[in-house]
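First up is the structure itself, then whatever we jot down about it.
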Amino acid sequence: MEIGGFEIHPALLDRPAQEALVEDLRAVLAQAPLVQPETPRGRKMSVRMSAAGRYGWISDRRGYRYSDTHPAGTPWPSIPEAVLAIWRRVAPGARDPECCLINWYGEGARMGLHQDRDETDMSQPVVSVSLGDDGLFRMGNEERGGPTRSVWLHSGDVVVMGGAARLRHHGVDRIRFGSSTLLPRGGRLNLTLRVVT
């Protein structure tokens, strides 16, 4: 399914694959715990973040940027093979990702409309994997403003943002907390895979 250049793969991951992926992510987060970032203006973000791969994306008073270390100063863990397999399946021919950003949405968390533009090579896609509670994904335009479209993403759905959609604004307006039983305490995990350099 394609909406405005966003390539959506509903239910790409079945329940056993989702459960196995969550276990892989638990191992990653044991090495690189989730943190609550703040914007350069000092406002706390509502999501909690971590990463795997050569780089992680971080935000603090110094700005938005990629870093080769966790805010605690330790290197990021490797991207799990199961995550790389998803990338290779939906983005054949693309270079392997250098960052797997892990966002955890609790009750009331959201992500405002934004562009992924801190990467060097915009010819490479961004791939998003949804796990856990449903998230209302909003898709906009390359320029701010104008009409947007929204779709509920469910656990196991994968979105590819490449080509015309690579620099389009997108965000998550809200989650349906408790709509999935994948994560024992509820919430939504979102993985975004990117080629950074």
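Applying the condition of being touching a helix residue (DSSP H, G or I) at 6+ places or on another chain (Cβ under 9 Å) and of a type in the set (Ser, Thr, Tyr) to segment 61-110 and asking which residue is nearest to Gly162 (Cα to Cα) yields Ser78.
Going by the conditions given, is Ser180 buried (at least 18 other Cβ atoms within 10 Å of the Cβ), on the phi < 0 side of the Ramachandran plot and not in a strand (DSSP E or B)? Yes, satisfied. Picking from residues in segment 153-177 that are part of a loop (DSSP other than H, G, I, E, B) and touching a helix residue (DSSP H, G or I) at 6+ places or on another chain (Cβ under 7 Å), the one that is surrounded by the fewest Cβ atoms within 10 Å (Cβ to Cβ) is Gly156.
With the condition kept exactly as written, say whether any residue in segment 74-91 is among the polar types (S, T, N, Q) and farther than 30 Å from Thr148 by Cβ. Checked segment 74-91: at least one residue is among the polar types (S, T, N, Q) and farther than 30 Å from Thr148 by Cβ.
All told, Gly112 falls short of being assigned to a loop (DSSP other than H, G, I, E, B), surrounded by fewer than 14 Cβ atoms within 10 Å (Cβ to Cβ) and modelled with pLDDT under 95. For segment 183-197, the set of residues classified as under 19 Å from Gly106 (Cα atoms), buried (at least 19 other Cβ atoms within 10 Å of the Cβ) and of a type outside the set (A, V, I, L, M, F, W, C) consists of Gly187, Arg188, Asn190, Thr192, listed by residue number. When the test is whether a residue is acidic (Asp, Glu), assigned to a loop (DSSP other than H, G, I, E, B), at pLDDT 95 or above and surrounded by 12 or more Cβ atoms within 10 Å (Cβ to Cβ), Asp118 does not pass it. Scanning segment 162-195 for residues that are modelled with pLDDT of 95 or more and under 16 Å from His9 (Cβ atoms) returns Asn190, Leu191, Thr192, Leu193.
Considering (1) touching a helix residue (DSSP H, G or I) at 6+ places or on another chain (Cβ under 9 Å); (2) over 18 Å from Val35 (Cα atoms); (3) assigned to a strand (DSSP E or B), the lone condition that Ser128 does not fulfil carries the number (1).
The values are calculated or read from the model by the stated rules, or taken from the named source; none is laboratory data. Since we're looking at a predicted model, the values are computed, not measured. In this analysis, Cβ positions are derived from the backbone assuming ideal geometry, glycine residues included, and neighbour counts consider all displayed protein chains.
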